[in-house]
Amino acid sequence: MINKLKTEKELLNEVRRLRVEGKTIVTYNGSFDLLHAGHARSLAEARSLGDALIVLLNSDKSVKSYKSSKRPIVSESDRATMLASLASVDYICLFDEINPKRILNEIKPNVHANGADWGRDCLEREVVEKNGGRVHILKWTQGLSTSGLIKKIISAYKTPVVKAVFLDRDGTINDNGAGYVYRKADFKFLPGVITAMKRLSKTDYKIFIATNQSGISRGICTEKDVRLLHRYMVGALKKEGVRVDGVYYCPHHPDRGCECRKPAPGMAFQAVKDFDVSLSGSWMVGDRDVDVLMGREANLKTIKLAGPMDKSSKVAPHYYAKDLREAVGIIVKNV
Ligand SMILES: [Zn+2]
């Protein structure tokens, strides 16, 4: 790959060669901090004005001197790398001054492109025209600027990102060894679960339970049974100092092909709608393969309890743990 970043001396050699070949040389300058589509469009327009586009890139020192000590966000070498990856850019040269007048006087471009926001009577006009070139004002790319993007980022992250831990119910929180659990009398917390959930309650993670309850559509129990059991479960946990932020369940039969039955990710997507959860910072813990598959599908980190995945599965969990206590230990360590 041709190295587009040139020292001033190397650049002037290139300029001499281009002149001999009768090429039209275009220059454009800027700091190109956080390269965006507005930059890409302006650079493409500038390139279309001639045979070679030279980007005069404000060095870190230069950017600091006229923007603020907080800028640039991206270092000069990284900004140069980004610019070099654009087909419209032929050469890049860093300059330390506050404006590129001195180097423009050396290059003597045929065309110097400038953004409309800087106006027709830009600082560079005199030196460009003195050397027989012209200034071209680029179309104004409205609504796009690095400062605008920074404001948008700050505003988007002003409130903390909501992260969650999704817990499977049967076999993860309670013992379901004897089959469908829908009666209070049959609901037994697995050993260590309450302590583990208490520990999780002290973190910023929202705690959701996501459970398949096809017993409802199979006629084994009613939706009311499941709701009452969940009310009991949440109440019992609350008494122990455990916070549960939501319980999601799928009442559907597997044959229905709904979007909420694990391994489908519907319950996680519902939590996104309800609580603006960021899935990529969140977790799924469960004892069954479908829990891991659902978690993976929803872009969650996954922890599998109760031994390995089925051999036929091509998908693996991020972690294995022997029980919820160990799983919470992993989550807390990964904050
Ligand atoms: Zn469903």
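The values are calculated or read from the model by the stated rules, or taken from the named source; none is laboratory data. It should be emphasised that the depicted structure is a prediction, and the values quoted were computed from it without experimental measurement. With ideal geometry, Cβ positions are generated from the backbone for all residues, glycine too; neighbour counts draw on all protein chains shown.
Summary table below
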quantity: Hits in segment 1-18 (condition: assigned by TED's automatic domain parsing to the domain that holds C93 and at pLDDT below 95); calculated: none
quantity: Output for segment 36-60, where each listed residue is more than 17 Å from I150 (Cα to Cα) and modelled with pLDDT under 95; calculated: A40, R41, S42
quantity: Checklist (1) within 13 Å of the ligand (Cβ to nearest atom); (2) small (G, A, S); (3) in a helix (DSSP H, G or I) applied to A236, failing item; calculated: (1)
quantity: Filtered residue count, segment 201-226, keeping only those that are within 33 Å of the chain's Cα centre (by Cα) and within 13 Å of the ligand (Cβ to nearest atom); calculated: 3
quantity: Yes/no for L56 being assigned to a strand (DSSP E or B), closer than 28 Å to G132 by Cβ and more than 27 Å from the chain's Cα centre (by Cα); calculated: yes
quantity: Candidate set: segment 247-286, residues that are touching a Leu at 6+ places or on another chain (Cβ under 7 Å) and part of a helix (DSSP H, G or I); chosen: the one farthest from the ligand (Cβ to nearest atom); calculated: L279
quantity: So R102, is it loosely packed, with under 15 Cβ neighbours inside 10 Å and assigned by TED's automatic domain parsing to the domain that holds L18; calculated: yes
quantity: Where R243 falls short, out of the listed (1) farther than 25 Å from A298 by Cα; (2) away from the ligand (no atom under 16 Å from the Cβ); calculated: (1)
